[in-house]
1. Between THR211 and LYS30, take the C-beta separation as r, use R0 = 35 Å, and let me know the FRET efficiency to the nearest 0.05.
2. Please state the equivalent ellipsoid semi-axes for the chain: what are the square roots of 5 times the Cα gyration tensor eigenvalues, largest first, in whole Å?
3. Please label the shape of the stretch 289-331 as rounded, prolate or oblate, based on the square roots a ≥ b ≥ c of the eigenvalues of the alpha-carbon gyration tensor (a/c under 1.5 means rounded; beyond that, a/b larger than b/c means prolate, else oblate).
4. What nm value, rounded to one decimal, do you get for the distance between ALA348 and GLU290 when each label is placed 7 Å out toward the C-beta?
5. Using θ = phi - 60° and the Karplus form 6.51 cos²θ - 1.76 cosθ + 1.60, what ³J(HN,Hα) does each residue of the stretch 330-342 get, whole Hz, x for Gly and Pro?
6. How big is the antiparallel share of DSSP beta bridges in the chain, given as a percent to the nearest 5?
7. Kindly express, to the nearest 10 degrees and within the range 0 to 90, the angle between helix 303-313's C-alpha long axis and the longest C-alpha principal axis of the chain.
8. With both bridge residues required to lie in the stretch 130-281, what share of the DSSP beta bridges run antiparallel, to the nearest 5%?
Amino acid sequence: MINRRSFVKLAAAGAAAGSFGMPWIARAAKPITLKLADSLPTTHYSMPIIKHWIKQIEDGTEGRIRFEHYPAEQLASARDLLDAVQTRIADVAYIPAQYFSEKLPMATVGSLPIPEIKADIYALEAAYYEIGLGILDEVEFKDAGIRALRASSTEAYNLHMVSRKIVTLDDLSGQKIRVGGNVQQQAITALGGIPVTVTPPEIYNAMQNGTLDGTVFHIPSIHSYKLNDLVRYSTDNLNLGVFNSYYAMNRDLWDDLPPDIQAVFDKVGRDLIRFEGDTISRQSDIWRTEFRKQGIEVYDLAPEVIDETTRRLTPIRQKWVELYETRNLPARRVVDAWVAALKKHARA
């Protein structure tokens, strides 16, 4: 029986033809150009972060690695990015775990609401990076034919509504809310809303034509997708989990890289956490102020509403474990590793 790892190797065999007996990377007489694919628009807040990451790797390898960046679904659609990197349509790709919850279910652990741990953006990214190179690599990424290079996380997600202000959870009843995956589906269902799975590039039109009443997002992403043109109410103190992702490389390609180049990727991945955290925090403050000037009401929910939200969201973690344990996946081990990493980095 052919497993996923074997399938990926077979799919990439044609590209590897002619390189038997010696890794292609060692035979390259000129800089190695890697195709980097993502689905993010060029206006996205993370573009300066991506450019910084690319430059640090190119400089750190003294030009031995070069990138061709294909943003905005130029090389593959958001839903096809995992397949693209597995089959070498792309060498490196943006992998938001919630988009691939059926293929990478354990990686969605990062989106679980963990309200008892007050983790900032730095702790969230450091913890997700740690498990991406640790337990997730062991139980999921190796078999999927990918290797994580860097981790990314948003701040805690909030509700952003087109026309209805959410004051109590009763106000959310019957509202169609965009979600990014199975964990957010459970969260919105638990709070009384109707979850609708839509990728970010599709949100604007869905809000405009009434398919969506609102979205789960964080402030910088609202600006990145120009949703502030449509949104009129934004909560600012909810914790509906986060949206996190990896940039991952084709596993066979990673294995062919010389150790010193692999070391550069890992060092830059660690160092990027501070740069990315600073960028996201700064952008959040800027756009929160700008949205208020624009007429968007950015507000906090009452403490009793937050308490009720926490009560409803807390069981999602156990349901996640039970769901995947029935599929013989090590969900408990993964959750325990994620919580331990969060506690460790939240204290750092």
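The values are calculated or read from the model by the stated rules, or taken from the named source; none is laboratory data. Remember, it's a predicted structure, so these values are computed and weren't measured experimentally. Neighbour counts run over all protein chains shown; Cβ positions are idealised from the backbone, glycine included. Areas reflect the complete protein model, heavy atoms only, side chains present, ligands, DNA and RNA absent. Shrake-Rupley method; radii C 1.70, N 1.55, O 1.52, S 1.80 Å.
1. After rounding, the FRET efficiency stands at 0.10.
2. One finds semi-axes of 35, 22, 19 Å for the chain.
3. oblate
4. Between ALA348 and GLU290, the simple spin-label model gives 3.0 nm.
5. Per-residue couplings from phi come out as x, 5, 5, 4, 5, 4, 4, 5, 5, 5, 5, 5, 4 Hz.
6. Percentage antiparallel, nearest 5: 50.
7. The helix 303-313 is inclined about 50 degrees to the chain.
8. 70
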